[in-house]
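The values are calculated or read from the model by the stated rules, or taken from the named source; none is laboratory data. All values derive from a computational prediction rather than experimental measurement. Glycine also receives a Cβ, built like all others from the backbone with ideal geometry; neighbour counts cover every protein chain displayed. Side chains are part of the model used for accessible areas, which takes the heavy atoms of the whole protein and leaves out ligands, DNA and RNA. Shrake-Rupley method; radii C 1.70, N 1.55, O 1.52, S 1.80 Å.
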Amino acid sequence: MLFQQIVNGISVGSMYALLAVGFSLVYNILGIANFSHGAMIALGAFFSYWIARYLAVPVPVAILASIAFTGLSSALVELVTLRILRKRGQGSLYFFIASLTVFNLVTAVLVYISRGNIVSYPRAFLSGTFTIGNLYIPWIDAGMLLISIVCLAVLSYVMFKTRFGLAVRAASFSIKAAQLMGMDIDAIIQGVFFVSGTLAGVTGALLGVKYAVYPYIGNFVYMALFACVVGGLGNLTGAVLGGLLIGLLETLVSAYISSAISPALTFAFLVVILLLRPQGLAGRATEEKI
Amino acid sequence: MLELKKVNVRYGAIQALKDVNLRVERQTIVALIGANGAGKSSLLNAVSGIVPYTGEISWNGKLLPHHPPAIVRAGVAQVPEGRQVFSNLTVYENLLAGAYVNWSKQRIEKNIERVFSLFPRLKERASQSAGTMSGGERQMLAIGRGLMSEPSLLLIDEPSLGLSPILTTEVLALIQQVNEQGVTVLLVEQNARKSLEIAHRGYVLQNGKVVMEGTGRELLNDPAIQEAYLGVSGCA
Amino acid sequence: MSFLEGVLILTGIVAIVAQGVYVLTGLTGLFSLGQASFMAVGAYSAGIANLRFGLGFIPSLCVGVVAALLASFVVGAPSLKLKKTYFSLATIAFGYGVESVLNVSTWTGGSIGLIGVANITRVWHVAIALGLVLWVVRNFKLSRYGRACVSVRTDETAAQVYGVNAFATKQMAFSLAAALAGLGGGLYAFYLGYLSPDMFGIPVSSEYLVMVFFGGLGSQTGAFAASVLLTALMEMLRTAAEWRVILYCLIILITLMFRPTGLFGSWELSFGRRRNGSAPPDSPGALAGGARK
């Protein structure tokens, strides 16, 4: 029973890890929380549902198409909000508010379109379970874990082996210095939004398959935030660890105590982390103090 | 030749540069001196296109665009002060970042070899994180990284910041060496004496205006400069 | 109670909470996504005091304010010593936690909510409270504590060099904001007569934050005007229920893009001579790394 829950927790945690990584990528460059990430989660879930439903294509194809859409939507959000604010020299602070409003706006639009209904996919995808020993593992859980491992592998290849990745890491240290190297900072930021949007899209679609598709699914972005703090804000490895830990905590609390109380315990856990280890579990000491 | 004509930079209500005219002849070193906040860094950043300006800036007779990547491609690179090396990247990756506008693998390798021969210390530390290096090594890395885009004009900001006098002399000697290889240098430096000693010409900026110019020697011997920037006893 | 009365009461309550957000965000440069949750703490505490302990109107309101104050220390103590980002994240986590506790606790009526609080709040109660709050916030802003807040917002390190205790200043601003949210929550409980957890989520908190931005971060007048304008707008749009949140977000987004200083910038209404408010925050504070770049 415990192992069963751990498997579940790890697979949910792997989704949080993807969200947290996407969130951190933008945070690292801009030094700001991008709440439109939540909008991309919701769009990822709805796009893939709509495509599967109305274009009658297989669910995996729908998910892939929806990932492309969320990537582009995320890049579009950057173009129409952050870019304009940055050109006016009012970057981060106002973008924080703008991204929050985008999140609220997209949620409101989805509430309007879906009439608040909760829907599930027309065809079963990754349904059923398989057994290892006496463990029953739902295919969706195995699928989520596998897909997030693939996504993280591709991401770390992009970050460490490509020209784009080099530019992103350079810009994360200093936008000014990156510009002096001849890097096109607008293109890099847009690229980062695209990548982060695709990660949110994957997660949104899979969470939609696992649970259901509903307008407030974007609220999972808060889990990404907590994961980032637990792992160490701005630390990609930490984000992955934090995501897994939050996923496990949430699942175990839900299984053994109560699912409704788990957010309160997550908050308590976060307070403990902030008090004892503000730089996060994977972060280096001293750098997070003011 | 780098030529600035009537260049103005303003940040909101503050005017950082006022009608600045300045020339840097090819293959010379020009030193820009002035107090903190005189507009030296703003001038470099205007040339690099990372602060907006009005007026004309041209390199070898062609107007420079305002877009940083295009400026680096036109052969104008800036070496920011040493704390601006990417301390989250390795030394080798820093050099790769410097070669960002260059797509040819062979030329990048060749340039890395060139930088390593100029700064052998960097070769020893190639795979080390730049954040672990000392101030002097960072400065060398910053200059080496600046050379990776094969610039014909190098803008160097405060190379002696945080360095001991001995290291400062060493770094300035390296800049002279780079210049002898045919690279034009516009140097912004706190240490007016040492920079004027290696410079062919110098400009003095005050409150965003050029208030004096001349050869390095002339400025070193000017009583007003001596008093304001070199210190009467000469231990600047 | 007439429709107009209801709108007036609601507007007044929103304006009271928004004044707290002005102190926290406009003056001190801190971004909280938990103000609605402090409202919830105030509302539920006041409601429970009235319903389960039989306390009167004013004592119950006091209980609500004190509860919100206490909660502000629980959130502030671990997070305000760190970068501002952590504070914002802690407030989000707090909002999240409060909602879940309200949903499960039998004390608070669970997800159905607290039903049967006395219907006491009238327009004149809210008007007096709002008047008091506006006066207190104005004096706070002009006092040495207000100046300390501004100095912390502008440059925390420099403020500390000049002897300002940055942590205490931030905690003070945060507690004041929480107390005002608690007061607003208490009035809300006695106005509606019932409470449910979904009235106070993080989206509601973000609306308060956005509201103060809309009015102009540097302006107390702006925060007041924006809360009145936007609440009135929402009430007018009540017939177009589905569209109103969408429209609301669009208006705010467009304002932000084309007039980022908000409607009032840092202009203040003043009687007699014209006084310039403090300038809006120029350093990125929102969930930001601050001087990292």
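What strands (runs of 3 or more DSSP E) completely inside segment B:151-236 contain at least 2 residues that are surrounded by fewer than 19 Cβ atoms within 10 Å (Cβ to Cβ)?
B:209-215
Looking at segment C:1-19, can you tell me whether even one residue there is surrounded by fewer than 24 Cβ atoms within 10 Å (Cβ to Cβ), more than 21 Å from the chain's Cα centre (by Cα) and of a type in the set (S, T, N, Q)?
Yes, segment C:1-19 has at least one match.
Working only within segment B:71-102, note down all residues that are open to solvent by 30 Å² or more (accessible area, probe 1.4 Å) and more than 7 Å from chain A (Cβ to nearest Cβ).
Within segment B:71-102, B:A74, B:E81, B:R83, B:T90, B:Y92 qualify.
Looking at segment A:114-128 only, could you name the residues that are touching a helix residue (DSSP H, G or I) at 6+ places or on another chain (Cβ under 8 Å) and open to solvent by 80 Å² or more (accessible area, probe 1.4 Å)?
A:R123
Just name the residue that is nearest to the other protein chains (Cβ to nearest Cβ) out of those in segment C:145-155 that are among the charged types (D, E, K, R) and under 23 Å from the mean Cα position of the chain (by Cα). Quick ask: steps written out before the conclusion?
Initially, segment C:145-155 is screened for residues among the charged types (D, E, K, R), giving C:147, C:153, C:155.
From the residues that got through so far, the ones that are under 23 Å from the mean Cα position of the chain (by Cα) too are C:147, C:153.
Numbers: C:R147: 20, C:R153: 11 Å.
Once the filter is applied, the top-ranked residue is C:R153.
Looking only at segment A:30-87, which residues are open to solvent by 70 Å² or more (accessible area, probe 1.4 Å) and part of a helix (DSSP H, G or I)?
A:R53, A:Y54, A:V61, A:L64, A:F69, A:L72, A:L76, A:L79, A:V80, A:I84, A:K87
When only residues in segment A:158-191 that are of a type in the set (K, R) and under 19 Å from A:V21 (Cα atoms) count, which is farthest from the other protein chains (Cβ to nearest Cβ)?
Narrowing segment A:158-191 to residues of a type in the set (K, R): A:161, A:163, A:169, A:176.
Pick out the ones that are also under 19 Å from A:V21 (Cα atoms) and you get A:161, A:169.
Values: A:K161: 11, A:R169: 6 Å.
Checking each candidate, the answer is A:K161.
Which condition does B:S127 not pass, out of (1) of a type in the set (S, T, Y); (2) more than 9 Å from chain A (Cβ to nearest Cβ); (3) within 21 Å of the chain's Cα centre (by Cα), if it passes all the others?
All conditions are met except number (3).
Take segment C:107-133 and flag every residue that is within 13 Å of C:P197 (Cα to Cα), in a loop (DSSP other than H, G, I, E, B) and β-branched (V, I, T).
C:T108, C:I112, listed by residue number.
Kindly list the number of the only condition in (1) in a loop (DSSP other than H, G, I, E, B); (2) open to solvent by less than 10 Å² (accessible area, probe 1.4 Å); (3) more than 10 Å from chain A (Cβ to nearest Cβ) that fails for B:P65.
With (1) in a loop (DSSP other than H, G, I, E, B); (2) open to solvent by less than 10 Å² (accessible area, probe 1.4 Å); (3) more than 10 Å from chain A (Cβ to nearest Cβ) applied to B:P65, the lone miss is (2).
Which residue, of A:A108, A:A56, A:A68, is at pLDDT 95 or above and more than 30 Å from A:Y136 (Cα to Cα)?
On the way: A:A108 fails: at pLDDT 95 or above; A:A56 fails: at pLDDT 95 or above.
Exactly one of A:A108, A:A56, A:A68 is at pLDDT 95 or above and more than 30 Å from A:Y136 (Cα to Cα), namely A:A68.
With segment C:158-263 as the region, which helices (runs of 4 or more DSSP H) entirely inside it contain at least 2 residues that are away from chain A (no Cβ under 14 Å)?
Passing ranges, in order: C:166-192, C:220-236.
Checking A:L281 against (1) part of a helix (DSSP H, G or I); (2) aliphatic (A, V, I, L, M); (3) more than 30 Å from A:Y112 (Cα to Cα), which single condition isn't satisfied?
Answer for A:L281: the failing condition is (1).
Looking at C:S60, is it of a type in the set (S, T, N, Q) and away from chain A (no Cβ under 14 Å)? Full working, then the answer.
Values: of a type in the set (S, T, N, Q): yes; away from chain A (no Cβ under 14 Å): yes.
Against the criterion (of a type in the set (S, T, N, Q) and away from chain A (no Cβ under 14 Å)), C:S60 qualifies.
Which residue, of A:G191, A:G165, A:G232, A:G208, is closer than 30 Å to A:R86 by Cα and surrounded by 24 or more Cβ atoms within 10 Å (Cβ to Cβ)? Before the answer, list the steps.
Values: A:G191 fails: surrounded by 24 or more Cβ atoms within 10 Å (Cβ to Cβ); A:G165 fails: surrounded by 24 or more Cβ atoms within 10 Å (Cβ to Cβ); A:G208 fails: closer than 30 Å to A:R86 by Cα.
Going through A:G191, A:G165, A:G232, A:G208 in turn, the sole match is A:G232.
Out of A:L276, A:L252, A:L248, which single residue is open to solvent by 50 Å² or more (accessible area, probe 1.4 Å), more than 8 Å from chain C (Cβ to nearest Cβ) and modelled with pLDDT of 85 or more?
Values: A:L276 fails: modelled with pLDDT of 85 or more; A:L248 fails: open to solvent by 50 Å² or more (accessible area, probe 1.4 Å).
The unique qualifying residue is A:L252.
Would it be correct to say that C:V133 is farther than 28 Å from C:V63 by Cα and hydrophobic (A, V, I, L, M, F, W, C)?
no
One line per residue, one yes/no per condition, for (1) within 18 Å of C:G12 (Cα to Cα); (2) open to solvent by less than 50 Å² (accessible area, probe 1.4 Å):
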| residue | (1), (2) |
| --- | --- |
| C:N165 | no, no |
| C:T169 | no, yes |
| C:F174 | no, yes |
| C:A177 | yes, yes |
| C:A181 | yes, yes |
| C:Y188 | yes, yes |
| C:V212 | yes, yes |
| C:G216 | no, yes |
| C:L247 | no, no |
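Which of the residues belonging to segment A:88-118 are farther than 20 Å from A:F47 by Cα and either outside any helix (DSSP H, G or I) or among the β-branched types (V, I, T) (or both)?
A:R88, A:G89, A:Q90, A:I97, A:T101
Quick check: is even one residue across segment C:70-89 more than 14 Å from chain A (Cβ to nearest Cβ) and open to solvent by 20 Å² or more (accessible area, probe 1.4 Å)?
Yes, the conditions are met somewhere in segment C:70-89.
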